[in-house]
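Participant: I have a structure I would like to understand better, so I am pasting it below and will then ask my questions one at a time.
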Amino acid sequence: MRKIYMILSSVLLILSGCNLRVLDPKSQTAKDQSFLVQFSFALMMIVFATVIVLFVWFVWKYRQTEENKHKIPEDEKGNRLFEITWTVLPIILLAVLAVPTIKITYEISASSSATPPNAVHIDVTAQQFSWTFEYQNGVVQTSELVLPKDRPVVFHLNSDDVIHSFWVPKLGGKKDVIPGKERRLILTPDEVGTYQGKCAEFCGKDHALMRFETIVKTQEDYKQWLQKMKQKIE
Ligand SMILES: [Cu+2]
């Protein structure tokens, strides 16, 4: 038993060191997405619990006893009420799931939403096996992405070679980066901090090394950082 505890605690220790957490949202997009995950999970658990309760109940109710041992039940020729119920219920459940899913999907999709006027634009280029981030004032950074808090950031995603996928789990879902086709992703970080990002599409032998740090700063700090970096290249 002690051995199991030791193995479990060391596994926990290793896993807790991982900063790539999906359900720890630090932007509105990530919050909306984790709401969808939790909402669909809750709905699924209602169905799961109902099925398990009915299953256990029926197994218990129709178990073999001394009295019913030789009883053969009568033939049932269908039950309209039951048949309507188990046809209509899934339709209602799917409709309930569809409303927030479609609404949120459209809201967070960069292709269906207009560019916010106060947005920061960053050109992101993926290449085997690193990331390049280019800011509007010409500053270029690799493997470190710096963002302002509470301002929409429009990422212009491009690839130099194969298909990659841009992913900062705490800020929102991934977006494939496709060579020859610019894709857009809009995220608004709402908490200062450092978040892990990585390539989420297997892209070759060093794919696992395609990680980057995302540092969210206050708007004032972000401005100062941009100016400092600009002076460095001048
Ligand atoms: Cu990649």
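Participant: With more than 19 Å from Ile215 (Cβ to Cβ) and free of Cβ contacts under 8 Å to residues at least 24 places away in the same chain as the only criterion, which of Leu54, Leu97 stands out?
Facilitator: Of Leu54, Leu97, the one residue that is more than 19 Å from Ile215 (Cβ to Cβ) and free of Cβ contacts under 8 Å to residues at least 24 places away in the same chain is Leu54.
Participant: Would you confirm whether any residue within the range 79-89 is under 25 Å from Ser27 (Cα atoms) and either β-branched (Val, Ile, Thr) or in a helix (DSSP H, G or I) (or both)?
Facilitator: no
Participant: Does the range 143-166 include one or more residues that are assigned by TED's automatic domain parsing to the domain that holds Lys205, in a strand (DSSP E or B), within 11 Å of the ligand (Cβ to nearest atom) and in contact (Cβ under 8 Å) with a residue 40 or more places away in the chain?
Facilitator: Scanning the range 143-166, I find at least one residue that is assigned by TED's automatic domain parsing to the domain that holds Lys205, in a strand (DSSP E or B), within 11 Å of the ligand (Cβ to nearest atom) and in contact (Cβ under 8 Å) with a residue 40 or more places away in the chain, so the answer is yes.
Participant: How about the range 171-182: which of its residues are hydrophobic (A, V, I, L, M, F, W, C) and part of a loop (DSSP other than H, G, I, E, B)?
Facilitator: Correct list: Leu171 only.
Participant: Take the residues of the range 108-131 that are surrounded by 15 or more Cβ atoms within 10 Å (Cβ to Cβ) and of a type in the set (Ser, Thr, Tyr): which is farthest from the ligand (Cβ to nearest atom)?
Facilitator: Thr125
Participant: Let me ask something else about it. Taking Glu134, is it farther than 17 Å from Gln224 by Cβ and more than 12 Å from the ligand (Cβ to nearest atom)?
Facilitator: Here the answer is yes, as Glu134 does meet what is asked.
Participant: Please state which of the following conditions Phe129 fails to meet, knowing it meets all the rest: (1) of a type outside the set (Lys, Arg); (2) touching a strand residue (DSSP E or B) at 6+ places or on another chain (Cβ under 6 Å); (3) within 12 Å of Phe212 (Cβ to Cβ).
Facilitator: (2)
The values are calculated or read from the model by the stated rules, or taken from the named source; none is laboratory data. Small disclaimer: the values here were computed from a predicted structure and weren't measured. Virtual Cβ from ideal backbone geometry, glycine too; neighbours counted across all protein chains shown.
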